[in-house]
Each structure stands twice: as C-alpha cells, then as structure tokens.
Amino acid sequence: MGIIEDAKRKYDILVGERKGAFERRRTEILTKHPEINALLKERRALWLRAMAERSDPDQVGTESDRIEELIARALRTAGEREDALEYAPECAKCSDTGYIDGKMCSCLAQLVLDECFNQEYTADIIRRENFDTFNELLFSSSEDNRGRSPRKTALKARDACLSFVNNMDKRYANLLIRGKAGTGKTFLTHCIAKAAMDLGNTVLYVTGYGMIDMLTKAAVGDADDSFYDYLISCDLLVIDDLGTERRTDFSEKMLYQVINERMNAQRPIVFSTNLTARELGECYDERITSRLFGTAVGVSMPDDDLRAVLKTGTNND
C-alpha cells in the first residue's frame, strides 16, 4: 500500500473514531436523560405522521420548532451544549469526506503531507507553540534611548506574522524572519504553520538542511522524488533555519528553483534565518537574494536570548 493510500486509510480511521466517540457520548446523554430521548422520539413521530398524512409543512414545522426548543432547554438544564446531539464534522468544507467535487480537501492533503514527510513532530509542537501561547512577558520591557524595547520588537514581529497569515489568500508575499539563535524565530514559524492550517491551508514544514538533504537523496534515487512536487504545490512552505544547509552548486540551484517556481505560482514561503541581510548576500548568489529581498516582508526579532529566560519563566524586569 502506498503512502497516499496509507494516509487515506488513516484519515478514514480518524473520522470513524470521532464519529464513534460522538455516538457513545450521544447514547450516554440519552440514557442519562430519558426525557430528552422521549422528545426526540416525539419529533421523529411527528414528521413520520406528517409524511403519511401529507400534512401542511408550515404547521408541522411550527410544532417541530416547539419540540426543538424543548430539547435545547433540556440539554441546557442537563449542562450539555445545545448541539450535543448533532455530529459536527472536523472539517466543515468537506464534512469529513476528504474530498470536494472529486478533489482532495486540504484536511486530507495535509495528512498526506504529514505521512509523506514525517511531520507528526511538528503537529505536536504547534499544539504548544502557536499564537495563543505567545508570551510577550518573556521579553524585556526596558526601553533604550529611542523608546524601543525587546517586548515592543517581539510584538511587532508577532503582529507582522499574524498579518501575513491572514492575508495569504489576498496578496502574494513571502516572509523572512531574521534574528540570532534563541530569539524566538522558530516559535513564530510554528505559530504561522498552525494558523495557516487552521485556515484550511496545506503546510510543508522543513529546515534548510532537511530540504536540501531530501532533494539530494531524491536526485540519487534514495528518497521519494515526489518531495519536490510537494515543495512547489503546498499552500505554504516554511523553511526554518535557512543557511544551515551545506551550500553547493546543487543546493543553490535547487533553492533557487523552489523559490522561483513558487513565486511564479504565487505560493508563499516563510523563511527563518540566523543570518543578517549582509550575510545572506554573501552566502547566496544574486538570483536567490533578489527573490528573497524582492518578495519577502522582513521581520526582525529582539536580540535577547530566550533560552535562559525560559528556564525561569521571567525576564527579571
């Protein structure tokens, strides 16, 4: 069985598990609250009788609405949500079928990406590292003589990343997050990946080193050659730690090709790097740097190394 078939099978299993959990919970509610079960039976009998007798739909609808309100009231009294008896699909776009008009929905496509390139570790991380868990208090609020502080810089970077994600489908742009090691660049790439997935986009998350390593293996037949296709076709490509890859003629050619093809297709890339703009210019040829700086919104992180702060949870302001 191929990787895509495995992913589809896993998708069906996950959907089945969610539906099974819902049915068990529904049964539990109805067993615990027989008055709600009785109202459901009354509503069903009403519509069956209406179909048999060809009753006036408006009159039947009014009576059905009355029963619906009684059910909602009984659920509230029982401490349950009003929609607790209605299954809500995880994906509203495809209703958990995995397809829309015969085409793979982004929810299934993302699972395929995760299965193909072992992104489960990223999925675990973004549950912890996302915009909801961004903690501005880790950054010092001490201002310099120009009124700037690490906290203000971090908040400006966060807001720029939020704006980037929210405008992905409105205008084409890339994002270049720069800063020293330990300043929170990777955290922000995780935030962006999570937010983009929540909006229904497929996201491929790679490191600069990992991307070139995979492309090199594919070139010599040691890895799946579909990796390049996914690099180009995913809705958002995140390349963390650009500049950590071993730079060769092949790596430069492939990096340029990925950037150029995605630019032509108007599909965005998020880069993070420890390198300054000058160092990027020294590392890569003009073809790459012109596309990096010509299409990317620049985001700078504060210089503070957060690793010591994270050990104590305070910046000692």
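The values are calculated or read from the model by the stated rules, or taken from the named source; none is laboratory data. No experiment lies behind these values; they were computed from the predicted model shown. All Cβ positions, even for glycine, are placed from backbone atoms using ideal geometry, and neighbour counts span all protein chains on display.
Need the failing condition index for PHE250 against (1) buried (at least 19 other Cβ atoms within 10 Å of the Cβ); (2) assigned to a helix (DSSP H, G or I), just the number.
Tallying (1) buried (at least 19 other Cβ atoms within 10 Å of the Cβ); (2) assigned to a helix (DSSP H, G or I), PHE250 fails exactly one: (1).
Before we move on, is GLY79 at pLDDT 90 or above, within 30 Å of CYS107 (Cα to Cα) and not acidic (Asp, Glu)?
No, not satisfied.
Can you name the residue in the range 156-171 that is farther than 16 Å from MET197 by Cβ and touching a strand residue (DSSP E or B) at 6+ places or on another chain (Cβ under 7 Å) and, of all such residues, is surrounded by the fewest Cβ atoms within 10 Å (Cβ to Cβ)?
So the residue we want is ALA160.
Just a yes or no: is a residue in the range 10-18 surrounded by 14 or more Cβ atoms within 10 Å (Cβ to Cβ) and farther than 30 Å from LYS103 by Cβ?
Looking through the range 10-18, none of the residues is surrounded by 14 or more Cβ atoms within 10 Å (Cβ to Cβ) and farther than 30 Å from LYS103 by Cβ.
Identify the residue in the range 180-195 that is in a loop (DSSP other than H, G, I, E, B) and crowded, with 23+ Cβ neighbours inside 10 Å and, among all such residues, is modelled with the highest pLDDT.
It comes out as GLY184.
Just to be sure I understand the filter: pairs with C-beta atoms under 7 Å, separated by 6 or more residues or on different chains, first member in the range 80-107 and farther than 28 Å from THR27 by Cα, second member aromatic (Phe, Trp, Tyr) and not in a loop (DSSP other than H, G, I, E, B). Which pairs pass?
If the second residue must be aromatic (Phe, Trp, Tyr) and not in a loop (DSSP other than H, G, I, E, B), the pairs left are CYS105/TYR99.
For the range 133-153, which residues satisfy the criterion of being among the hydroxyl-bearing types (Ser, Thr, Tyr), part of a helix (DSSP H, G or I) and crowded, with 16+ Cβ neighbours inside 10 Å?
THR153
When you look at ALA50, is it surrounded by 15 or more Cβ atoms within 10 Å (Cβ to Cβ), without any contact (Cβ under 8 Å) to a residue 60 or more places away in the chain and in a loop (DSSP other than H, G, I, E, B), yes or no?
no
List the residue pairs whose Cβ atoms are under 6 Å apart, where the first residue sits in the range 182-194 and is on the phi > 0 side of the Ramachandran plot, the second is assigned to a helix (DSSP H, G or I), and the two are 6 or more positions apart or on different chains.
GLY182/LEU306; GLY182/ARG307; GLY184/LEU306
Here are some residues: LEU242, LEU215, LEU188. Which one is closer than 29 Å to GLU279 by Cβ, in contact with a Lys or Arg (Cβ under 9 Å, 6 or more places away or on another chain) and either among the aromatic types (Phe, Trp, Tyr) or assigned by TED's automatic domain parsing to the domain that holds PRO302 (or both)?
LEU188
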